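First comes the structure, then the notes that go with it.
The values are calculated or read from the model by the stated rules, or taken from the named source; none is laboratory data. Just so it is clear, the model here is predicted, and its values are computed rather than measured. FYI the Cβ positions are ideal-geometry reconstructions off the backbone, even for glycines, and counts take in every protein chain you see. SASA here: full protein model, heavy atoms, side chains in, ligands and nucleic acids out. Shrake-Rupley method; radii C 1.70, N 1.55, O 1.52, S 1.80 Å.
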Amino acid sequence: MPSTFDIPNFPLGRREFLHTLAAAGAAPLARAATRPPNIVFIYCDDLGYGDFGVYGSKIPTPNVDRMAAEGARFTQFYSANPVCSPSRAALLTGRYPTRVGVPRVLFPTDTTGLSLSETTMANMLKSAGYATMCIGKWHLGHHPEYLPTARGFDEYFGIPYSNDMTPRPLLHNTEQIEEPARLETLTPRYTEQAVKFIERSKAGPFFLYMPHTFPHIPLAASPRFRGKSPLGLYGDVIEEIDWSVGEVLAALRRNGLDSNTLVMLSSDNGPWYQGSPGALRGRKGSTYEGGMREPFIARFPGRIPKGRVCRGVAGTVDILPTVAQLTGAPLPKAPLDGIDIWPLLSGQKPALEREALLYFDGWNLQCARWHQWKLHFARFNTMAYNPAPQGGRVNLALRPPELYDLENDQEESYDLAAEHPDVVQEIQGRVERLLATFPDEVKKAWADTQGRKTQNIPAGALPRPAR
Ligand code: MG
């Protein structure tokens, strides 16, 4: 019987070496020999691309700005979907939400959540010996088998879905400790939990996933922040999140963990009624850039160069494969949509060659990005132009599709499809190949959209909105 010290006599990468040790039941030894980095992911809810100071906001966010100055800031980082639940599903699986059973927002009436066959980033890191905790809004299923404690997290503290849903329980693991959760207490209590988790897990490695409840509405800030911002309650809320980021970073520093912890910060989708998408078009619920392009900051002193601004295309689907590579944790068996973006984070490369990035809303694939180009295939109608009896929200094909050059037109204002038929064809071919790999619901939604009757209405012939 081989001992845990029997190491195969061929060259192994660090990752294979750790796998070999883990397979032999020697994970603690591996950790002691080469401790992998701690992972912290802070996720805001409905925070827009333009809502941090370093991204152009007037709201002061000194801690977030300092984090960006000490690490890397991305300008083209995407969620996989413009609403809450699917974005989280993509982050935690490295796969498009339409592959993992979460195409849309989940409600308290739902009985399912993230497909139980999926391996989460927490499962992945736990199998590599990490202590894991989720603090905040989960939104991937609230029945016990879907809660964080059943999806790879040792511990959970937070509300299981959005703060505008009823009921609004605060859970510790699977136990309800408050109902309704007192909104103004959440950011400080999440922060306190995060600091305590860091302190008791410092022997490491650990994974802290911290999805904030705010700035999703209804907004609330603690007495310390409420009424302080000249920009109103939204400003108070953002300043409190910024404070929280500062507290997490301070806890890492205080515990000597700075140089061995990758801290990431982003948002699940664009701003809703308040907040700013910066100069981007669209907001939450839209596959225009403002709905899906998010701030993304990553800090890892000594590993990520200070003050780096990365303009390469990346997204939440890339976090799991990147973390797997960094930590040596075993990748899930399911094929991933994301790629390892460490060459972007570390500054080895300015951009990566990758497959077209897809923009979903529900089961509907509406856009695809490839290089600097974004092709819009379909878009939801607006209610105003879709009166009864058909009514409702209908996904309508754009005939012909619209092509935007995001390097030169990030506002998506100038359709260049007629000038670049080769690019349109290239992206259409990529999307058709990708579609074949998706569940039937995606293919059906695509076929339904393409088969739906639409007509081009000449400009100027549109009905004038009622005043
Ligand atoms: Mg959200």
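At a glance:
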item: Residues located in segment 305-325, provided they are open to solvent by 10 Å² or more (accessible area, probe 1.4 Å) and not basic (Lys, Arg); result: Pro305, Gly307, Val309, Val313, Pro321, Gln325
item: Test: residue in segment 377-385 that is at pLDDT 95 or above and touching a Ser or Thr at 6+ places or on another chain (Cβ under 9 Å); result: yes
item: Residue in segment 134-149 that is farthest from the chain's Cα centre (by Cα), counting only those that are open to solvent by less than 10 Å² (accessible area, probe 1.4 Å) and at negative phi; result: Leu147
item: Any hit, segment 130-142, residues being under 28 Å from Phe360 (Cβ atoms), of a type in the set (Lys, Arg) and out of contact with any Pro (no Cβ under 7 Å at 6 or more places or on another chain); result: no
item: Selected residue (only one of Ser244, Ser267, Ser201 is under 25 Å from Thr149 (Cα atoms), away from the ligand (no atom under 16 Å from the Cβ), open to solvent by less than 40 Å² (accessible area, probe 1.4 Å) and within 23 Å of the chain's Cα centre (by Cα)); result: Ser244
item: Qualifying residue in segment 214-228 (condition: more than 16 Å from the ligand (Cβ to nearest atom) and without any contact (Cβ under 8 Å) to a residue 12 or more places away in the chain); result: yes
item: Matching residues in segment 337-362 - criterion: being of a type in the set (Gly, Ala, Ser) and over 14 Å from Arg73 (Cα atoms); result: Gly338, Ala356, Gly362
item: Residues of segment 88-116 classified as outside any loop (DSSP other than H, G, I, E, B), within 14 Å of the ligand (Cβ to nearest atom) and of a type outside the set (Lys, Arg), total; result: 4
item: Helices (runs of 4 or more DSSP H) contained entirely in segment 250-357, each with at least 1 residues that are within 20 Å of Tyr55 (Cα to Cα); result: 289-292, 342-345
item: Candidate set from segment 278-304 (those that are open to solvent by 10 Å² or more (accessible area, probe 1.4 Å), closer than 25 Å to Tyr209 by Cβ and not basic (Lys, Arg)); member that is farthest from the ligand (Cβ to nearest atom); result: Gly302
item: Lone unmet requirement of (1) within 21 Å of Ser267 (Cα to Cα); (2) open to solvent by less than 10 Å² (accessible area, probe 1.4 Å) for Phe206; result: (1)
item: Options Pro188, Pro160, Pro167: the member that is assigned by TED's automatic domain parsing to the domain that holds Asp236, closer than 20 Å to Ser85 by Cα and either β-branched (Val, Ile, Thr) or in contact with an Asp or Glu (Cβ under 9 Å, 6 or more places away or on another chain) (or both); result: Pro167
item: All positions within segment 117-131 that are open to solvent by less than 20 Å² (accessible area, probe 1.4 Å) and either assigned to a helix (DSSP H, G or I) or without any contact (Cβ under 8 Å) to a residue 24 or more places away in the chain (or both); result: Met121, Ala122, Met124, Leu125
item: Among (1) under 26 Å from Gly362 (Cα atoms); (2) open to solvent by 10 Å² or more (accessible area, probe 1.4 Å); (3) away from the ligand (no atom under 16 Å from the Cβ); (4) in contact with an Asp or Glu (Cβ under 9 Å, 6 or more places away or on another chain), the one test that Gly275 misses; result: (3)
item: Given (1) over 27 Å from Leu257 (Cα atoms); (2) within 16 Å of the ligand (Cβ to nearest atom), number of the condition Glu184 does not satisfy; result: (2)
item: Residue list for segment 391-444, restricted to those being aromatic (Phe, Trp, Tyr), open to solvent by 20 Å² or more (accessible area, probe 1.4 Å) and touching a residue at least 60 places away in the same chain (Cβ under 8 Å); result: none
item: Close pairs from segment 316-341: first on the phi > 0 side of the Ramachandran plot, partner part of a helix (DSSP H, G or I) and surrounded by 21 or more Cβ atoms within 10 Å (Cβ to Cβ), Cβ under 9 Å, at least 6 apart; result: Gly328/Leu18; Gly328/Ala30
item: In segment 53-87, the residues that are within 16 Å of the ligand (Cβ to nearest atom) and either under 11 Å from Phe296 (Cα atoms) or open to solvent by less than 20 Å² (accessible area, probe 1.4 Å) (or both); result: Phe77, Tyr78, Ser79, Ala80, Asn81, Pro82, Cys84, Ser85, Pro86, Ser87
item: Scan of segment 337-371 for residues that are among the β-branched types (Val, Ile, Thr) and open to solvent by 10 Å² or more (accessible area, probe 1.4 Å), ordered by number; result: Ile339
item: Number of the condition not met by Ser259 [criteria: (1) among the polar types (S, T, N, Q); (2) in contact with a helix residue (DSSP H, G or I) (Cβ under 8 Å, 6 or more places away or on another chain); (3) more than 13 Å from the ligand (Cβ to nearest atom)]; result: (2)
item: Qualifying positions in segment 34-86 - assigned to a helix (DSSP H, G or I) and either of a type in the set (A, V, I, L, M, F, W, C) or within 17 Å of the chain's Cα centre (by Cα) (or both); result: Val54, Val64, Met67, Ala68, Ala69, Cys84, Ser85, Pro86
